[in-house]
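Reviewing the structure listed below.
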There are 2 protein chains.
Amino acid sequence: MDRLNQKWILQHRPAGGVSAADLELVHAPVPPPRDGELLVRNLYLSLDPTNRLWMSAREQYLPPVGIGEVMRGVTVGVVEESRADGFAPGDIVMPGEGGWQLYTISAARLARKLKPVPGVPLTAHLSILGPTGLTAYFGLLEIGQPKPGEVLVVSAAAGAVGSAVGQIGKIMGCKVIGIAGGPAKCAWLTGALGFDGAVDYKAEDVGAALDRLCPEGVDIDFENVGGTIMNAVFERLRQNGRMALCGMIAGYNDEGPLPGPRDFGRILMQRLTVRGFIVIDYLPRAREAFTRLGQWIAEGRLKWKDHVVEGGLAGAPDALSRLFTGNHDGKLLLRISPEP
Amino acid sequence: MDRLNQKWILQHRPAGGVSAADLELVHAPVPPPRDGELLVRNLYLSLDPTNRLWMSAREQYLPPVGIGEVMRGVTVGVVEESRADGFAPGDIVMPGEGGWQLYTISAARLARKLKPVPGVPLTAHLSILGPTGLTAYFGLLEIGQPKPGEVLVVSAAAGAVGSAVGQIGKIMGCKVIGIAGGPAKCAWLTGALGFDGAVDYKAEDVGAALDRLCPEGVDIDFENVGGTIMNAVFERLRQNGRMALCGMIAGYNDEGPLPGPRDFGRILMQRLTVRGFIVIDYLPRAREAFTRLGQWIAEGRLKWKDHVVEGGLAGAPDALSRLFTGNHDGKLLLRISPEP
């Protein structure tokens, strides 16, 4: 059975925002899997700010995607052929490196079989029960070290990671303020998600809003954005405050260094801790996190939204750009092919 | 018995380096101590980079010294009159707030009686067995978290804190590189103190020197200086590296924010931890540190130098300015009056 793959090949490093011209959609036959390999048909592709980093030559936590290589991406797929024990056609898996492609040949040892959770859609394995959930869980609990009564501010709070962080913060007993773009997102945060306050950065000065919502200052900045929004929160971190530095999307479309807050000296004067982290460092502890996240979901204490872009692989570059404009509602995913 | 005090009063906030014109040396009678108080004649005054901060209106970890107030300073002195149990004339003490003055009236509950250590001069209680030693000890061990085989870079390495940090780093099994100004200081680091390498920032490019001395990168930056020297070390911090942010003397003579490293994004990409600290947070644990520091001194594993400026209180502003030019050799102290 000859399968024709579709795959996005990185043609050159984007200047500014990603456009479809930076990649080429190539069609090519899929080789058969060898011993120890699986042939996976991808169902969903996770689109994340970090994808833009991978396209750049910037110093980062993984090697940049090479020019001429398939664009890196995390997927969920269905096994169509298995040459490995423990995997059978029909199994739902997260292949080791899915990529922006219809079919992936994955080493079975790098693939993770996903157990369906009743009432939870498959897409959740790329969001709240996937890397997104792990990022929120470990980033807040390990890096942010929240204590009851502390003030937690989350940027990109209506985003996939941010909305989970804020809810986990509430579970931990924090006062939680979210920063998001537009009244609908802010209303979702303070309504369905139970945040204590929300700042619409498109409509108000972030610093002034924080002064109103948490005049006592900020203990934890869960930072997804960088730039001026980060600076506004950083300037309000109080003694022994922490910044869990998860992302700096405000700068990913630019070349050159990612600037920090204006007065680095506050780290000294207020004994702040600024700590960066990458979720892949926590993958060995994924089970612990998924167990707890799953409990909170079952108890109705942790909500999330998946935003699935339809239309297939061809739309991947355009879909990615939505992350930089906020033109999406929930964890951004692309449907690559229909669920079995 | 009427004693005439000499005290330096802050007249206005310095612009740039401190000069004697920023303060006024006032003579006034000393009031008698009241119940629970001691009258202390100060012997030595500690001069530290942070003194310059206290003179500024900059946001900091203690309230700035008020205009018209006695300049804040840490001293060691001798009790001349005691109105408190447990203290007698002749006792050597560190008063609660000594100040830039000849006599201090100190609440006895804020004074610490100093036990003479055989073979150790009194001045050590303002250096290796005082705040300097505590800063080095807790800053490196608690904030830097050194592990054997790791690379530790110390700026202002021939200074009071830096030289102790480097030696403790060696005791902990680190590879230690010091950054200092001039060949004599560098030779002291790699000679008497046993550092693995030294960078003369006045004679060579710090980044290039680090690339030569520790091509593997840096695990811990014990940062005393800030500015371009900090940036050179920061750019070489490798994955999971730490910056113990102890001081930023390069910026203390300026107004406005204290700038950070060029590419804050490295904190994210390399999962760095940048943490500020102030020694006063560790005062409750001073005994633990002094015990261990004392052992290392007794074993000959920890050396230090006290640089005592003679000539009395009148020279305090000039003496302080030496910290900013490096024109001193060891922990900078001013002799206020003769030892009893």
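No lab work stands behind these numbers, since they all come straight from the coordinates. From a predicted model like this one, the values you see are computed outputs, not experimental measurements. Note that we place each Cβ from the backbone using ideal geometry, even for glycine, and neighbour counts take in every protein chain shown.
Add +1 for every Lys or Arg and -1 for every Asp or Glu among the other residues with Cβ under 15 Å from the Cβ of A:Leu333, and state the total.
In short, -2.
Could you pull out every residue, at least 5 positions away or on a different chain, whose amide H is within less than 5 Å of the one on B:Gly260? Hs are placed 1.01 Å off N in the peptide plane, and Pro or chain starts have none.
Here A:Phe264 satisfy the definition.
Hey, with R₀ at 35 Å, roughly what FRET efficiency would A:Glu24 and A:Ala298 work out to, going by the Cβ-Cβ distance, to 0.05?
0.20
Ratio of chain A's C-alpha Rg to 2.2 N^0.38 Å, to two decimals?
Normalised Cα radius of gyration, chain A: 1.01.
Give a residue-ordered list of calculated ³J(HN,Hα) values for the stretch A:219-226 (Karplus: 6.51 cos²θ - 1.76 cosθ + 1.60, θ = phi - 60°; whole Hz; x for Gly, Pro).
Using θ = phi - 60°, the values come out as 8, 9, 9, 8, 9, 10, 10, x Hz.
For peptide B:253-260, what's the mean number of Cβ atoms from other chains within 10 Å of each residue's Cβ?
Going residue by residue through B:253-260 and averaging, the value is 4.
Determine the dipole magnitude for the stretch B:131-280: charges of +1 sit on the beta-carbon of Lys and Arg, -1 on that of Asp and Glu, nothing else is charged, the reference point is the Cα centre, and the result goes in debye to the nearest 20.
About 320 debye.
What does DSSP give for the protein assembly as shown in terms of the percent of beta bridges that are antiparallel, rounded to the nearest 5?
55
Which value, in debye to the nearest 20, describes the size of the charge dipole of the stretch B:1-137 about its Cα centre when Lys and Arg Cβ atoms bear +1, Asp and Glu Cβ atoms bear -1, and nothing else is charged?
220
What average count of beta carbons from other chains do you get within 10 Å of the Cβ of residues in A:239-248?
3
Provide the net charge surrounding A:Arg266, with neighbours chosen by a C-beta distance below 11 Å and charges set as Lys +1, Arg +1, Asp -1, Glu -1.
Surrounding charge for A:Arg266 is +2.
Among bridges DSSP assigns within chain B, what percent are antiparallel (round to 5)?
For chain B, the DSSP antiparallel bridge percentage is about 55.
Lys and Arg at +1, Asp and Glu at -1: add these up for the other residues within a Cβ distance under 13 Å of A:Ala250 and post the number.
My count for the surroundings of A:Ala250 gives -1.
Per DSSP H run of at least 4 residues, take -39500 (n - 2.57); add these up for the protein assembly as shown, divide by its residues and hand me the 222 nm value, nearest 500 deg cm²/dmol.
Calculated at 222 nm, the ellipticity per residue is -6500 deg cm²/dmol.
From the convex hull of the Cα coordinates of the stretch A:131-280, what is the mean projected area in square nanometres?
For the stretch A:131-280, the mean projected area of the Cα convex hull comes to 8.3 nm².
Quick one: putting +1 on the C-beta of Lys and Arg, -1 on the C-beta of Asp and Glu, what dipole do you get for the protein assembly as shown around its Cα centre, in Debye to the nearest 20?
Computed about the Cα centre, the dipole is about 1080 debye.
Along Cα→Cβ, 7 Å out, is where each label goes; now give me the distance between the ones at B:Ile67 and B:Ala187 in nm to one decimal.
4.8
What number, in percent, do you get for the relative contact order of the stretch B:131-280 if the mean sequence gap of Cα pairs under 8 Å and at least 6 apart is divided by its residue count?
It comes to 23 percent, rounded to a whole number.
For the ranges A:214-225, A:56-67, what's the packing order if you count other beta-carbon atoms within 10 Å of each residue, average per peptide, and put the highest first?
A:214-225, A:56-67
If contacts are Cα pairs under 8 angstrom and at least 6 residues apart, what is the relative contact order of chain A in percent?
18
When the C-alpha atoms of the stretch A:65-187 are aligned to their principal axes, what extent does each axis show, in angstrom, from largest down?
Here the Cα extents, ordered largest to smallest, are 53, 36, 28 Å.
Let me see the P(r) profile for the protein assembly as shown: every Cα-Cα distance counted, bins of 20 Å, each bin given as a percent of all pairs.
Computed distribution, short to long bins: 17, 42, 28, 11, 2, 0.
Antiparallel as a % of all DSSP beta bridges within the stretch B:131-280, to the nearest 5?
Looking only at bridges with both residues in the stretch B:131-280, the antiparallel portion is about 0 percent.
Report the dimensions of the stretch A:232-340 along its three principal axes from the alpha-carbon atoms, largest first, rounded to Å.
57, 39, 25
Averaged over A:55-63, how many beta carbons belonging to a partner chain fall within 10 Å of each residue's beta carbon?
Per residue, the number of nearby Cβ atoms from other chains is 2 on average.
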